[in-house]
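The values are calculated or read from the model by the stated rules, or taken from the named source; none is laboratory data. Not measured: the values here are computed from a predicted model. As a convention, Cβ positions derive from the backbone with ideal geometry for all residues, glycine included, and neighbour counts pool all protein chains shown. Side chains are part of the model used for accessible areas, which takes the heavy atoms of the whole protein and leaves out ligands, DNA and RNA. Shrake-Rupley method; radii C 1.70, N 1.55, O 1.52, S 1.80 Å.
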Amino acid sequence: MQIINTIIEVNDHLDAVREKGLSIGFVPTMGALHEGHLSLIREARKENDFVVCSIFVNPEQFNNKSDLENYPRNIEADVDMLNDAKCDLLFFPSELEMQPKIKTESFDFGGLEKVMEGKFRPGHFNGVATIVKVLFEIIEPQRAYFGMKDYQQVVIIHKMTKDSKLPVEIIPCPTVREEDGLAMSSRNQLLSKSDRKQAATIFKVLKMIKIHSGFSTINEIKEYVESQFRKSKNAKLEYFEIVDMYSLKPLKAWAESNNVIACTAVYIGDVRLIDNIILFS
Ligand code: AMP
């Protein structure tokens, strides 16, 4: 695998790839890689001739300085994993390299950014879309791979790509989980041993509500989720929403949509974790 730090070199390298008529699959990440990221690399490997991964801890998408400072970084291990997964090129730019490219654009996401993550992390999706757009313009992939774990992000990136008329196909990939159901996340390594155990509650609750969703009202489900997290002493529910999968509008009754997903963010100790489950589609 080639490791490239500058935009000029990545352009040269990828021009040569394109001249050979090879398709490019792209996986943008913030590093501290795990099996979830690697599943995206493998999917890209299957569908493209050439696979590019980027590692860039994007300061634009952090609305909390200590969250940015504490974000895990482990480039040596990341490189080993990407080599094993047969990634062709790692783009690993510094902040200094990316800064001149980042024009703070104000995107219109049509309200998709007003709920859930967007409500609790103001400016987060504008920061994500800004960096993803810059990366798409540098890499010019045919396909880009995103995890369903960050469901709202997939919907918003899809809209940004369409509105910006970028010729990139956005491919959503399933959430990879630990044995106890916890969605893999770079942030999981920040959990203490007891909090790590506690964190498995999140997916347990989501699985339980999927079973109940045919029989209970949305309000009853919400009350159930709130009560489950009130019970656990180190967990704090930030939000739990049942929304339409496309508009992300919160639903009051099941009849309002045929494509329904439940999304949540929970603090386990100081670590903020998100997850979701499709209820109907
Ligand atoms: P991040 O490094 O957290 O920005 O994530 C980079 C990409 O990996 C995003 O598209 C995430 O949705 C995806 N991702 C993170 N965790 C998982 C997971 N457990 N399963 C599948 N994809 C994931």
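Structural remarks
- Student exercise, segment 173-228 dipole from Lys, Arg, Asp, Glu Cβ charges, in Debye to nearest 20: 180 debye
- Debye equation applied to the C-alpha atoms of segment 1-118, log10 I(q)/I(0) at 0.22 Å⁻¹: -1.30
- Selection from Ala235, Ser106, Ile139 lying farthest towards where the dipole of the chain points positive, charges on Cβ: Ala235
- Helix 75-84 vs. the chain, principal-axis angle (Cα, 0 to 90°, nearest 10): 80 degrees
- Cα-centred dipole magnitude for segment 177-281, charges only on beta-carbon of K, R (+1) and D, E (-1), debye, nearest 20: 320 debye
- With viscosity 0.890 mPa s and temperature 25 °C, the Kirkwood radius over alpha carbon pairs of segment 98-145 converts through Stokes-Einstein to a diffusion coefficient of 207 µm²/s.
- Taking the convex hull of the alpha carbon positions in segment 242-281 and averaging its projected area over all directions gives 3.0 nm².
- Distance from the alpha carbon centroid of segment 71-92 to that of segment 29-54 works out to 9 angstrom.
- Using alpha-carbon coordinates, inclination of helix 35-47 to the longest axis of the chain, degrees: 50 degrees
- Residue order by solvent-accessible surface for His34, His158, His124 is His158, His34, His124, largest first, with ligands and nucleic acids left out and a 1.4 Å probe.
- Segment 218-270: C-alpha gyration tensor shape, a/c 1.5 cut-off, then a/b vs b/c: oblate
- For Ser54, the residues whose amide H sits under 5 Å from its own are Val27, Thr29, Phe91, ignoring neighbours fewer than 5 places away on the same chain, with H placed 1.01 Å from N.
- Quick note on segment 1-64: its Rg to Rh ratio, both from C-alpha atoms and Rh being the Kirkwood radius, is 1.01.
- Helix 201-212 and the longest principal axis of the Cα set of the chain meet at an angle near 60°.
- Equivalent ellipsoid semi-axes, segment 180-281, via Cα gyration tensor eigenvalues times 5, rooted, Å: 25, 14, 11
- Cα-based shape type of segment 82-169, given that a ≥ b ≥ c are square roots of the gyration tensor eigenvalues and the cut on a/c is 1.5: prolate
- The helix-only estimate of mean residue ellipticity at 222 nm for the chain, built from DSSP H runs of length n ≥ 4 each weighted as -39500 (n - 2.57), is -12000 deg cm²/dmol after division by the residue total.
- Glu238 long-range amide H proximity, modeled H, under 5 Å: Ala265, Val266, Tyr267
- Counted over the chain, the DSSP beta bridges are approximately 50% antiparallel.
- Binned Cα-Cα distance frequencies in the chain - 5 Å width, integer %: 1, 5, 12, 16, 18, 17, 13, 9, 5, 2, 1, 0
- Relative contact order (%) - the chain, alpha-carbon pairs under 8 angstrom, separation at least six: 18 percent
- Charge-dipole axis of the chain as Lys and Arg at +1 and Asp and Glu at -1 on Cβ define it, positive-most pick from Cys53, Ser94, Ala129: Ala129
- Segment 250-281 and segment 146-183: distance between their alpha carbon centers, rounded to Å: 15 Å
- Within the chain: Cβ-based charge dipole about Cα centre, in debye rounded to nearest 20 (Lys, Arg +1; Asp, Glu -1): 1060 debye
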